[in-house]
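Please read the structure below before turning to the comments.
The values are calculated or read from the model by the stated rules, or taken from the named source; none is laboratory data. Owing to the predicted nature of the structure, the values given are computational and were not obtained by experimental measurement. Glycine also receives a Cβ, built like all others from the backbone with ideal geometry; neighbour counts cover every protein chain displayed.
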């Protein structure tokens with residue numbers, strides 16, 4: 001998702017922090033007169049609902065529904081963010097929240113543990129992938145939506161939450177009382193592959209991704225100087241746009257990194273390389289697929305246009321619009337499409353995506369390396385391609 005979050009000085013971000021203000025520059029309002037008949041229809045509908053609907057509806061619910069419907073009618077990326085949605089959105093982009101460190105899959109009897117974050121309260125308590133959570137505190141989860149269950153696990157740091165867990169290894173359910181901690185969501189994972197090839201996967205672009213990426217590079221460089229690097233952006237839905245631009249800047253020492261275009265002054269901007277590009281000499285391959293969107297496409301397009309990377313895999317999603325996060329009455333907000341972005345060479349990305357230089361071939365190659373990560377046939381193919389191809 002492509003997001004511009006407005007601070008006192010607007011900062012452009014993707015996907016989905018902090019204290020925001022409305023736009024510093026506002027598009028020129030339309031000179032078209034207000035449609036009075038439609039406004040009368042709106043007030044009449046409001047009156048009829050308030051006076052005749054089968055059950056009483058409070059004004060806050062009606063007004064929020066009106067805003068939600070108005071924004072929903074614009075495009076599929078603009079959205080009204082309720083107070084809970086707004087708080088959740090901030091959590092996703094900050095890369096941290098107060099909870100117990102679990103993610104789940106739906107299950108007919110509750111929710112099934114899908115991931116346990118390392119060093120989290122859940123991990124320390126011995127909760128494992130595959131366990132079935134039937135209750136959170138006293139709430140039975142059999143018919144509770146997954147998103148609602150996840151919100152129930154969040155809370156104030158230091159507060160406690162009780163999980164009733166059914167484990168196939170035990171004959172009866174066990175209750176776990178866990179104290180919530182600030183959970184850091186790692187967005188970057190890495191591994192050193194044979195022949196001085198580094199591998200970095202970015203699950204999404206959070207405010208911590210730039211630091212995590214550099215730490216991963218430093219960790220691998222301790223063992224041996226990297227010569228080549230695979231950046232895995234498969235199924236990366238986007239995130240913080242500024243971070244995608246910053247990461248691109250590590251490889252590109254001059255020129256454009258991104259072009260955005262919209263109706264407001266803040267929406268029209270060209271981003272240029274600013275750093276000395278400490279990684280400019282690395283041979284790079286970027287992996288993408290149909291799930292790579294927004295910030296992923298920005299990074300892939302920047303390195304592709306500057307011929308700093310081989311793009312491998314499938315055509316990307318094609319999400320080339322920027323949403324600005326605008327706060328409403330401090331609690332809620334709008335995610336509003338305000339601009340489109342283009343690659344450094346001016347290529348449109350919206351509904352088109354990034355076309356790879358090399359496509360994944362549907363064939364099974366044997367992993368002859370003593371590295372389990374290369375059991376992934378797409379990654380193995382990318383590794384073999386990078387090993388025999390010169391990027392620069």
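For the reader, a short list of remarks on this structure follows.
- Unique match (being exposed (fewer than 14 other Cβ atoms within 10 Å of the Cβ) and touching a helix residue (DSSP H, G or I) at 6+ places or on another chain (Cβ under 9 Å)) among 195, 114: 195
Residue-by-condition table, conditions (1) within 32 Å of the chain's Cα centre (by Cα); (2) in a loop (DSSP other than H, G, I, E, B); (3) in the same structural domain as residue 105 (by TED's automatic domain parsing); (4) surrounded by fewer than 12 Cβ atoms within 10 Å (Cβ to Cβ):
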site: 143; (1), (2), (3), (4): yes, yes, yes, yes
site: 156; (1), (2), (3), (4): yes, yes, yes, yes
site: 162; (1), (2), (3), (4): yes, no, yes, no
site: 165; (1), (2), (3), (4): yes, no, yes, no
site: 172; (1), (2), (3), (4): no, yes, yes, yes
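- Residue match in segment 223-237 (condition: out of contact with any strand residue (DSSP E or B) (no Cβ under 6 Å at 6 or more places or on another chain) and at pLDDT 95 or above): no
- Exactly one residue out of 298, 352, 288, 311 is surrounded by fewer than 19 Cβ atoms within 10 Å (Cβ to Cβ) and either more than 21 Å from residue 206 (Cα to Cα) or touching a helix residue (DSSP H, G or I) at 6+ places or on another chain (Cβ under 7 Å) (or both): that is 352.
- Pairs with Cβ under 9 Å, 6+ apart, first in segment 163-181 and modelled with pLDDT under 80, second not in a loop (DSSP other than H, G, I, E, B): 167/132; 167/174; 168/132; 172/166
- The conditions of being buried (at least 19 other Cβ atoms within 10 Å of the Cβ), in contact with a helix residue (DSSP H, G or I) (Cβ under 8 Å, 6 or more places away or on another chain) and on the phi > 0 side of the Ramachandran plot are met by residue 239.
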